[in-house]
């Protein structure tokens with residue numbers, strides 16, 4: 001595997017406080033690496049440090065083996081796309097994209113048409129940016145970022161300002177575009193669904209440190225710690241004794257997503273409803289499961305439940321993960 005980007009023991013501090021603390025990562029040529037973490041975890045600072053926009057307190061950034069730590073931003077050949085797109089509102093779609101081409105001294109017209117086709121906006125070149133929807137504006141921003149064929153594309157929460165349905169659709173499109181163009185990219189997000197949909201590998205950051213790196217499947221099925229598991233939506237963590245009551249093969253603790261325990265008629269397992277909240281697709285529950293303890297659970301809209309109700313439940317092992 002040809003390593004394109006290498007980050008070695010990188011640290012960035014603001015007023016003595018570590019925003020990024022000793023992070024080391026490799027990104028292969030043509031790979032899309034997702035950096036996933038909550039607000040304040042240091043993921044955007046790491047991205048800006050790679051771009052050359054933040055001064056490093058220690059560490060090194062290399063590109064295909066060459067140290068670029070001290071290289072000026074404009075000499076790195078990287079492109080950075082932000083969550084708001086940062087388009088020029090007084091210019092047309094084509095003019096926004098052509099601006100990046102002019103900086104790169106690349107002929108514009110044919111490339112603009114090619115990029116608009118790539119991002120699903122053929123024929124939009126003459127429109128003003130202010131006439132576009134939020135999703136269309138982000139597609140234009142992506143086209144502009146790709147225009148000069150950057151060596152590395154850095155995306156900082158590019159979909160976070162959009163509504164959920166549009167984010168999900170554009171995440172799939174973004175993945176397709178990056179793969180089709182063979183672009184090496186680092187994608188920062190706080191949304192696990194986005195990270196897993198777009199990335200070849202996911203790096204989880206929390207508290208300025210790198211917590212885990214792996215394929216989306218590995219990170220999802222095998223969280224490296226309880227902290228990572230809870231961030232990924234595993235709301236209940238059972239101790240070793242309770243884990244073995246649930247799964248005799250379990251060697252340690254088990255983390256459960258709410259969907260791991262479901263109300264289902266006709267099963268021998270029973271529980272008492274401790275708390276219930278209605279949601280758009282059913283019920284969110286806190287259950288006291290016999291022989292197991294309290295867990296988060298879900299029920300469909302056909303099960304109106306109140307505290308104190310007794311219910312039958314079943315387990316879905318696909319929504320469980322064993323912790324180290």
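Sorting 294, 157 from the fewest to the most surrounding beta carbons within 10 angstrom yields 294, 157. Label positions at residue 314 and residue 230, each projected 7 Å from the Cα along the C-beta direction, are separated by 3.1 nm.
Taking the C-alpha atoms only, the angle from helix 93-103 to the longest principal axis of the chain is near 60 degrees.
Report, in degrees rounded to the nearest 10, the 0 to 90 angle that the Cα long axis of helix 134-147 makes with the longest principal axis of the chain. So the helix axis and the longest Cα principal axis differ by about 50 degrees. Stretching residue 281 away from residue 69 to a fully extended chain increases their span by 71.4 nm, per 0.36 nm per residue minus the current alpha-carbon distance.
Stretched out fully, how many nm does the piece from residue 290 to residue 164 gain, at 0.36 nm a residue minus the Cα gap?
Values: separation 126, 0.36 × 126 = 45.36 nm, distance 3.67 nm.
Result: 41.7 nm gained on full extension.
Please say if segment 106-160 is rounded, prolate or oblate, where rounded means a/c under 1.5 for a ≥ b ≥ c the square roots of the C-alpha gyration tensor eigenvalues, and otherwise the choice is prolate for a/b larger than b/c and oblate otherwise?
Details: a/c = 2.15, a/b = 1.01, b/c = 2.13.
Oblate is the answer for segment 106-160, as a/c is 1.5 or above yet b/c matches or exceeds a/b.
DSSP assigns beta bridges within the chain; of those with both partners inside it, close to 75 percent run antiparallel.
The structure shown yields Rg and Dmax of the Cα atoms in Å, and of the options (1) 25.8, 114; (2) 23.3, 71; (3) 19.5, 55 that calculated value carries the label (2).
Going by C-beta contacts inside 10 Å, put 99, 315 in order with the fewest on the left.
Ascending number of Cβ neighbours within 10 Å: 99, 315.
Whole angstrom only: what separates the Cα centroid of segment 184-238 from the Cα centroid of segment 49-97? One Cα centre to the other: 24 Å. Extending 7 Å from the Cα toward the beta-carbon at both residue 62 and residue 274 defines two label points whose distance is 5.1 nm.
Among 201, 310, 169, what is the fewest-to-most ranking by other Cβ atoms within 10 Å? Intermediate values should be presented prior to the final figure.
Details: 201 19, 310 10, 169 13.
In increasing order of surrounding Cβ atoms, one gets 310, 169, 201.
Axis angle, to the nearest 10 degrees, between helix 109-118 and the longest C-alpha principal axis of the chain: 10 degrees.
Would segment 74-136 count as rounded, prolate or oblate if I go by the C-alpha gyration tensor, calling it rounded below 1.5 in a/c and otherwise prolate when a/b exceeds b/c, oblate otherwise? Oblate is the answer for segment 74-136, as a/c is 1.5 or above yet b/c matches or exceeds a/b.
Read-outs throughout are calculated quantities, based only on the coordinates presented, and are distinct from any laboratory measurement. Everything quoted here is computed from the prediction, not taken from an experiment. Note that each Cβ is placed from the backbone with ideal geometry, even for glycine, and that neighbours are counted across all protein chains shown.
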